[in-house]
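The values are calculated or read from the model by the stated rules, or taken from the named source; none is laboratory data. Predicted model only: the values in this text are computed from it and were never measured. Please note: Cβ atoms are built from the backbone with ideal geometry, for glycine as well, and neighbour counts cover all protein chains shown. Side chains are part of the model used for accessible areas, which takes the heavy atoms of the whole protein and leaves out ligands, DNA and RNA. Shrake-Rupley method; radii C 1.70, N 1.55, O 1.52, S 1.80 Å.
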Amino acid sequence: MRRFSLGFVAGVALLQQQAQLPDGQTILSVLLLVAAALAVLWSLRPILLRRPAAAVLLRFSTAPWQLAGASLLLAAGAALLGFCWAALLAQSALHSALHPLDEGRTLRLVGLVESLPSQSQQGVRFNFRVEQVLAGALHPVPQHLALGWYSNPGKHERTPTLIQPGQRWRLSLRLQRPHGNANPSGFDYEVWLLEQGIRATGYVFNGGDNVLLTPFVSCFACVIEAARANLRARIETVLAGRRYAGVIVALVLGDQRGISQADWQVYTRSGISHLISISGLHITMVAGLFALLVQNLWRHSFFTRAQLPLLLPAQKVAALAGTVAAVAYVLLAGFGVPAQRTLYMLCVLAVALWSKRMASISHVLACALLVVVVLDPWAVLWPGFWLSFAAVAVLVYAGGAHAHAHQHGERWLMAGALLTAAGRAQYAVTLGLVPLSMLLFAQVSLVSPLANAIAIPLISLVVTPLALLGSVLPGAFAAGPLLAAHALVAWLAQTLAWCAALPWAVWSAPTPSFALFCWAMWGTLWLLAPRGWPVRWLGLAGWLPLLAAEPTHPPAGALRVTAFDVGQGMALLIETAQHRLLYDTGPAYGPDANAGARVLLPYLRARGIGRLDMLVLSHSDMDHSGGARAVLDALPVTLLQSSLPAGHPLRRAAKRHLPCIAGQHWEWDGVQFEFLHPAVDSYADPSLKPNARGCTLKVTARAGSMLLAADIEAAQERSLAQQYGSQLRADVLLAPHHGSKTSSTVEFLQVVAPRHAVFQLGYRNRYHHPHALVWARYAGRTIACWRTDQNGAITLDFGQQLHISGYRQQQTRYWYGR
C-alpha cells in the first residue's frame, strides 16, 4: 500500500506539471492496461512473497534485489495509473469552460447561492450554481460560477446584504473565463478555480433584472452552507467590533477571510499559521471527545438495564461515533486538505477496528494520502498538502526512532514522560519540516518551537473547545465561552507579536533547487535517525547549502527587469549586479489586499531579496502605488523617489525621500540610470494631474536600454521628444499609461523607436487598454509587443544581448487559457 500510494501521488504530481493533456482515448487505453497489469501483479504477490517453491516454478525468484524490482514495478505502475487518473479528471473539468464568445455578454440566469458569502466594503462574493439559462448565451454556460455583487455608490446602487446559501436568484451577469495573475512564486488562481470546479467568474450587472425567487432551497450542500452561515453570524454578533473575531470564525468554520493581512504576517513569522484554522489536531480532539462520551454511555447502557455492550462492543461504537463527529466537523470546516487527511485516517482506523485488522500508522497515512489525491488530484499543488502529510510522516519516523515508554511509576513520572514525548514531537516536526518550509516559502520561523509550545495547547485544548461550545449554545449562553475564547486569542496574539518582532524571528534564503532540497532532506533523516546512529548531528551539514544560499544576480554591466503581472497596474523590479530598484508597486485590490503583499513580496522572498536600494513611485494613482505600504513595512528600503505630493502618507512612511526630477542620474554596477521627467517646476503647478508628473526613467545597460514612461500622456510625450530627441531612443518601451489612447503618440514612438514594448494590463480591464488604435500603431511600426495579461510576468535580460520571455510561455500548464 505504501509503495502504491507514493507511486500514485508521484504520477499525479507529474501530470500537474504538463503543458498539455493527453487525449481522452489514450488516457482510457493506458488506464485499462495499467489496471490489468497491477491486478495481475497484485494477485501474484502472495506467491512471490510466501511460496518460494511456486515462485521457482513460475521462474520468479524471491532474492532481495528481485523483490525490490517488483516493488519498483508496482510503484511505476501506480505512477502511470495516477498520471492517467489525474489527466482524466482534468479533461472532464476543462470541458465545461465558458466559451470566449460569451465573455462580457449580459446573461440572464437562474441558480442557487452555493457557498458561504464573503462580505466586504465593495460588496459580496459567492459561488453560484446555474440551474437555467434564460437569455444572452451563445454557448452552454458552466454550471459553477464565482460571482461578485458590488455596490455602485455613484449610481446609488447597493449590494443586497442578505445573500445567503440556498437562495435561488434570477440574475443578470457578465462573465469571463478563469484568469489570474501569473508570476513566479505567485498564487495560481486559475488552477485553484479548476480544482473548485469553477469554470467562469464574473459580476452581477446592477442594471439588470435581479430577483430573489426562493428564500431557501433544500439540498445537502445548501443545508451545510446555511448551517455554516448561521454559525458565523452567531459568532460575529457576539464578537462584533472585536479584532480577533475572524480567528474564532476560522477555528470553528475554517473560513479565514476575516483575518487581516497584518495578523497573518504575525502568525506566519511565528510559525503557528497552521493552527489558525480547523487543523487535524482539532478534528482529532473533537472526534476523541465524542468517542469517549459515547463509549462511556454505551458501557453504562445509557444508564438503563439494556446491557448494550453485549450486543456490540463499546470500542466499535466509540469508533463509529468519533468518525461521525469528525465527518460533521469536516463538513462545517469546508473540507480543506488537512481536514481531509485527518478524516480519512480516522476512517481507516475505524474500519481497521471494526474488521479486527489493526494497521500500522504508516499504512493508515498511506491510505489517507491515496484517498486525498484520488478525490482531488490538484491537492498536490498546494503547500498545505505537503506540510500536512509531511508533519505526520516526520512524527511516525521520529516516533519510531525515539519511542520509549514509562509503563509504570508514580504519576509525576508519567506526566514527565508525556511532557518529554510532546517536546520530542515538537522537536521532530520543527526540524523535519525545515527543508520543506524553505522549498515552499523560502523561509523558516526560528521562534516556531517557542510559539507552538504556547499556542498548540492553548488553541487546541482551550480556545477551540470554547469557540465550538459558544457557537452551538443557545442565546445568552453563547457569549461567555466566545468572549473567553476571544480574550485568550488576544493575549496569545500579543505574545506572538512580540515573538514575530524579534529581528532573528525568521531565517530567509532563496528557494532551493529540488536537488538541494533532496540533499537537505537526507541530512534531516540522518539528524532524526534512531539513537545509536553514528554522529547524528552531522545531518545539519545537509542544511548548510540550503540556509546559506545567496540570491542570484546579473553580472556587472548586465541588467534584469521583471515586469510583474499585477492586473491593471504597474510594478517592475530592476536588478544590477549589486543593486535592486522597484519601479511602482501595482494596485490595491481592496482594503486589505494589494499587489505588494500578494505578488511582489512572495517573489522577493522566494528570490532571497531582503532589501531594496530604491523604490520609485511614479505617481500617486492607486494602480501604481497601491502595494507600496506593504513593501515599505516588510522590507528595508534605502531611498524612496516619487512625484507624490508633500504630506503624502507614503512619503512619511519612508526612511528617506527625494522627489523625481529630470536630470537626476547615477550608475550602478556599470548600468546607467537617469530621470527624464518631471521637471522641477512642475511640482509648483497645481493644475497638473498626477499622470503628468509621472517619474520617467531611462535605464541603459551594455546590451540595450529601456524607457519606463509611467502614465505620461500626449503633452508630456511631446515635451520629452522635443527636449531629448535621439537621446530618448530605447530598445524597450514600457507602454505609457498601459496603452491608453491619450498616450503613445506617433511622434513619441518615432523618436523612441523601440524594438519591443511591454504593456502591463489587467485581463479584460474596464478601461479597454490597450486602445485598438494604439495597438495598431505599435503593430504598424513592427514593434514586438508583450502583454502581462497574455504572457504573465515578463522577464527582460540585458546580458550579452537582449532576451525576453513570458512566464506563461516558460511555465506552461495545461489549464492556462482553457
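Calculate, in nm to one decimal, what residue 189 and residue 299 gain on full extension: separation in residues at 0.36 nm each, minus their alpha carbon distance.
Fully extending the segment from residue 189 to residue 299 adds 34.5 nm.
Summing +1 for each Lys or Arg and -1 for each Asp or Glu among the other residues whose beta-carbon sits under 15 angstrom from that of residue 608 gives +3. Amide H contacts under 5 Å for residue 446: 506, 507, restricted to partners 5 or more places along the chain or on a different chain, H placed in the peptide plane at 1.01 Å from N. Where (i) 43; (ii) 58; (iii) 34 are the candidate values, the label of the one calculated here for percent of Cα pairs over 45 Å apart is (iii).
For segment 591-700, with every protein chain kept in place, what is the accessible area per residue (1.4 Å probe, Å²)?
Averaged over the residues of segment 591-700, the accessible area is 41 Å².
Residues of segment 95-129 falling in the label zone of residue 212, defined by backbone nitrogen less than 18 Å from a point 7 Å along Cα to beta-carbon, are 110-120, 123-129.
Rounded if a/c is under 1.5, else prolate if a/b beats b/c, else oblate: with a ≥ b ≥ c from the C-alpha gyration tensor eigenvalues square-rooted, which is segment 419-514? Here segment 419-514 falls in the prolate category. Highest mean first, the peptides 318-325, 347-354 sorted by other C-beta atoms within 10 Å per residue fall in the order 318-325, 347-354. Between the beta carbons of residue 308 and residue 518, assuming R0 = 56 Å, the FRET efficiency works out to 0.55 to the nearest 0.05. When each of the peptides 19-27, 780-788 is scored by how many other beta carbons lie within 10 Å of its residues on average, the order from highest to lowest is 780-788, 19-27.
Can you bin segment 470-552 into rounded, prolate or oblate? Criterion: square roots of the alpha carbon gyration tensor eigenvalues sorted a ≥ b ≥ c, rounded for a/c under 1.5, prolate for a/b above b/c, oblate for the rest. Prolate.
The label point for residue 357 and the one for residue 533, both projected 7 Å from the Cα toward the Cβ, are 3.2 nm apart.
With a cut-off of 14 Å between beta carbons, the residues surrounding residue 309 carry a summed charge of +3, where Lys and Arg count +1 and Asp and Glu -1. Full extension of the chain segment joining residue 556 with residue 541 gains 2.2 nm, where the gain is 0.36 nm per residue of separation less the Cα-Cα distance. Judged by the mean number of other Cβ atoms found within 10 Å, the most tightly packed of the peptides 81-91, 756-766 leads the ranking 81-91, 756-766. On the chain, 63 percent of the accessible area sits on carbon and sulfur atoms, based on a 1.4 Å probe.
In terms of accessible area, using a 1.4 Å probe and ignoring ligands and nucleic acids, 614, 521 rank largest first as 521, 614. Considering helices alone, the calculated mean residue ellipticity of the chain at 222 nm is -14000 deg cm²/dmol, with DSSP H runs of length four and up weighted by -39500 (n - 2.57) and normalised per residue. In this label model, residue 375 and residue 28 are separated by 2.7 nm, measuring between points 7 Å along each Cα→Cβ vector.
Converting phi to 3J(HN,Hα) with the Karplus coefficients 6.51, -1.76 and 1.60 and the offset θ = phi - 60°, segment 578-584 yields 10, 9, 9, 10, 9, 9, 6 Hz in sequence order, with x at every glycine or proline.
Screening the chain for whole DSSP H helices of 24 Å or more along their axis (Cα) with average Kyte-Doolittle hydropathy at least -1.0 returns 24-50, 64-94, 220-238, 280-299, 314-332, 337-354, 383-402, 411-432, 479-501.
Cα centroid distance between segment 545-616 and segment 478-529, in Å? Here the answer is 24 Å between Cα centres. Of interest is the spacing of the C-alpha centroids, which for segment 209-273 and segment 697-725 amounts to 49 Å.
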